[in-house]
Structures are given as structure tokens and as C-alpha cells.
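Chemist: Please find one structure pasted underneath; my questions will follow.
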Amino acid sequence: MPRSICETCGTQYSDAPAPPARCPVCEDERQYVGWHGQTWTTHESLAARYTVRLEDDAGVLGVGLAPDFAINQRALLLLTDAGNVLWECVSLVTDEAVARLKARGGVDCIAISHPHFYSAMVEWSEAFGGAPILIHEADRAWVQRPFPRIEFWRGDEHRLSDSVTLIRCGGHFPGSAAQHWRDGPRNGGALFPGDALQVVFDRRHVTFMYSYPNYIPMQPSDVRAMRNRLEGCEFADVYGYTWGRNIIGGARAAVDASFDRYLSAVSS
Ligand SMILES: [Zn+2]
Ligand SMILES: [Zn+2]
């Protein structure tokens, strides 16, 4: 039976004789239904039309689709002291991609920031022997293809090792999370926030939106709560949600300045 993949958000659904009537991820006000109405594809059909793009992004192996697909996030393979973490996920996995990642030691676990990037996470887990998938408990209802290897973590922090911690940022989704890697990929460490905070086009600031495609700003109280949770977290770089959307060097100061700029813009 086909497992449908939404062509607008890239989410894969469970086996069913027919595609779902609707995509709740896209009907939510943080996303949108495609301009030609709801359309579906499958993993097999994607494999015939797309390849997995594997390229360096600021010193880290990025994993995306070519040509661009759906929200067009790129995942990252992080070689950490917690093992090889696939941060985020995409809608297609191919034998070639698996071989390329295995050449770097494979994937020990998959950690995903929020529901917009759940994509084909189960296909990726199965390709790496049932690697656990770490998702925040607060977003459990958004999982469209349940799977026993999904591990829901709770609270504001989840430590994977001495240097790798998942931090709940909230705001965009209640469970929106960032990965903090204290020791890598370069000296000074890095933050991988998905789009809980989003690197903007000048690549010297971030912003905070409840909905990016529909331009709904994040509540100031949620932004302040995120700021508190990230306090004391040091990083030189921020890796944003897609190719090249990174702040390399001076990122902690850039994020602090961005908190100030945003909060002064939305407060009277
Ligand atoms: Zn969708
Ligand atoms: Zn999002």
C-alpha cells in the first residue's frame, strides 16, 4: 500500500489504500495548502524524479533534495561525541545517500527540530538499522507515521552527551527544539535551531516567527522564554534550516542582538 508524501510540506503518512483527504500539517496556519490544491506523491515516485543532494555546508555534510522539494530544508550529519547525529530529515532516502553516509560512519540517531521537518524520518531510520528518532513530546500529535523507534523526550533539555544537548525553544511549535553542540563542528561550538529561530538573509541576524510562510510573528512572551532557555549556551556559529542560511562566527552576539531588535520592534 502506498505511503503518501505531501508535495507541499514533504510529510510522509502511514500505509493506506488511498492518499489522506487532507494534510493537517499544511492546513495549519503555520503552513499552507499548495496553490493547486492538496497533492500527493510517494517515496518511489520521488526517487524517480529527485536525487539526494549531499554537499558541504559550512564544514558539515548537508543532506537535501535536488531539485528543491517542499520546504526544502537540508539535514546535517553531525559527527559528535554522542555518535553520528542526523539533525533534521528529508523526504527521500536513496541507496547512494546511505552509502555516502555509511562511509562517514553512518547514522546513530536522528534528531528533528519540529513537525515541518519530520518528512520521511521513518524511511531514514529503517535505512540505518532502526536508528532512534528523537522528537519533543509536546509535538507528538503531529507525527503522521507512528513508528516504535520514535523516542519522545520531555522537559526543556535532553542531554545526548557531554557536548550535545537538545534544548526546547518553543514559540513556533510548543516542542520546537535546537541542538547545541558545544565542541563542534569548530572551536566555539554551534547551535542548530531548525526554524525555532531563523537565520535571515543578511546572515548576521535571526528572527522569530510563529509562521514563516504566512508572516505571523512569534508572541514576545514566547521569544523571552526562548531567550531564557538559551541563556548560558555558548556558540560561535548558527546553522539555519537550509543551505547556506548560517551565521559563521560571532553567532552568540548576533542572536543576542536579534533578541533585542525583535523585542523592541514588537513592543510598544
Ligand atoms: Zn502537507
Ligand atoms: Zn517550521
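Chemist: Out of the residues in the range 19-56 that are touching a Lys or Arg at 6+ places or on another chain (Cβ under 7 Å) and of a type in the set (S, T, N, Q), which is nearest to ligand 1 (Cβ to nearest atom)?
Modeler: To start, the set of residues in the range 19-56 that are touching a Lys or Arg at 6+ places or on another chain (Cβ under 7 Å) comprises 38, 42-43, 54.
Those left that are additionally of a type in the set (S, T, N, Q): 38, 42.
Values: Gln38: 8, Thr42: 14 Å.
The qualifying residue nearest to ligand 1 (Cβ to nearest atom) is Gln38.
Chemist: For the range 1-115, list the helices (runs of 4 or more DSSP H) that sit wholly inside it and hold at least 2 residues that are away from ligand 2 (no atom under 16 Å from the Cβ) and more than 17 Å from the chain's Cα centre (by Cα); which are they?
Modeler: Values: elements: 24-27, 43-49, 95-102.
Those helices (runs of 4 or more DSSP H) span 43-49, 95-102.
Chemist: Conditions first: (1) open to solvent by 20 Å² or more (accessible area, probe 1.4 Å); (2) within 16 Å of ligand 1 (Cβ to nearest atom). Asp15 passes all but one, so which condition is the exception?
Modeler: Going through (1) open to solvent by 20 Å² or more (accessible area, probe 1.4 Å); (2) within 16 Å of ligand 1 (Cβ to nearest atom) one by one, Asp15 breaks only (2).
Chemist: Here is a follow-up. For the range 226-246, enumerate the residues that are farther than 20 Å from His172 by Cα, under 18 Å from the mean Cα position of the chain (by Cα) and either open to solvent by less than 10 Å² (accessible area, probe 1.4 Å) or modelled with pLDDT under 95 (or both).
Modeler: Result: Asp237, single match.
Chemist: Of the conditions (1) outside any strand (DSSP E or B); (2) modelled with pLDDT of 95 or more; (3) not polar (S, T, N, Q), Tyr210 clears all except one; give me its number.
Modeler: Tyr210 satisfies every listed condition except (1).
Chemist: Can you name the residue in the range 11-48 that is out of contact with any helix residue (DSSP H, G or I) (no Cβ under 7 Å at 6 or more places or on another chain) and aromatic (Phe, Trp, Tyr) and is also nearest to Cys89 (Cα to Cα) among such residues?
Modeler: Per the criteria, the residue is Tyr13.
Chemist: For the range 49-61, check the following and say yes or no: at least one residue is farther than 30 Å from Ser163 by Cα and touching a residue at least 60 places away in the same chain (Cβ under 8 Å).
Modeler: no
Chemist: A follow-up question, please. Is it the case, given these coordinates, that Phe173 is under 24 Å from Asp56 (Cα atoms) and of a type in the set (Phe, Trp, Tyr)?
Modeler: Values: under 24 Å from Asp56 (Cα atoms): no; of a type in the set (Phe, Trp, Tyr): yes.
It is false that Phe173 is under 24 Å from Asp56 (Cα atoms) and of a type in the set (Phe, Trp, Tyr).
Chemist: Test each condition in (1) surrounded by 15 or more Cβ atoms within 10 Å (Cβ to Cβ); (2) at negative phi; (3) modelled with pLDDT of 95 or more; (4) touching a Pro at 6+ places or on another chain (Cβ under 9 Å) for Ala58 and report the one that comes out false.
Modeler: In the conditions (1) surrounded by 15 or more Cβ atoms within 10 Å (Cβ to Cβ); (2) at negative phi; (3) modelled with pLDDT of 95 or more; (4) touching a Pro at 6+ places or on another chain (Cβ under 9 Å), Ala58 misses (2) alone.
Chemist: Something else about it: Does the range 178-217 hold any residues that are open to solvent by less than 30 Å² (accessible area, probe 1.4 Å) and among the aromatic types (Phe, Trp, Tyr), and which are they?
Modeler: Trp181, Phe192, Phe208
Chemist: Please verify whether the range 120-132 includes one or more residues that are surrounded by 14 or more Cβ atoms within 10 Å (Cβ to Cβ), in a strand (DSSP E or B) and under 19 Å from the mean Cα position of the chain (by Cα).
Modeler: Checked against the condition, which is being surrounded by 14 or more Cβ atoms within 10 Å (Cβ to Cβ), in a strand (DSSP E or B) and under 19 Å from the mean Cα position of the chain (by Cα), the range 120-132 yields no hits at all.
Chemist: Whether any residue in the range 173-182 is touching a Phe, Trp or Tyr at 6+ places or on another chain (Cβ under 8 Å) and within 16 Å of ligand 1 (Cβ to nearest atom) is what I want to check.
Modeler: yes
The values are calculated or read from the model by the stated rules, or taken from the named source; none is laboratory data. Keep in mind it's a predicted model, so treat the numbers as computed, not measured. So basically every Cβ, Gly included, is an ideal-geometry build from the backbone, and we count neighbours across all protein chains shown. Ligands, DNA and RNA are stripped out before the accessible areas are found, and what is left, the full protein with its side chains, is counted by its heavy atoms. Shrake-Rupley method; radii C 1.70, N 1.55, O 1.52, S 1.80 Å.
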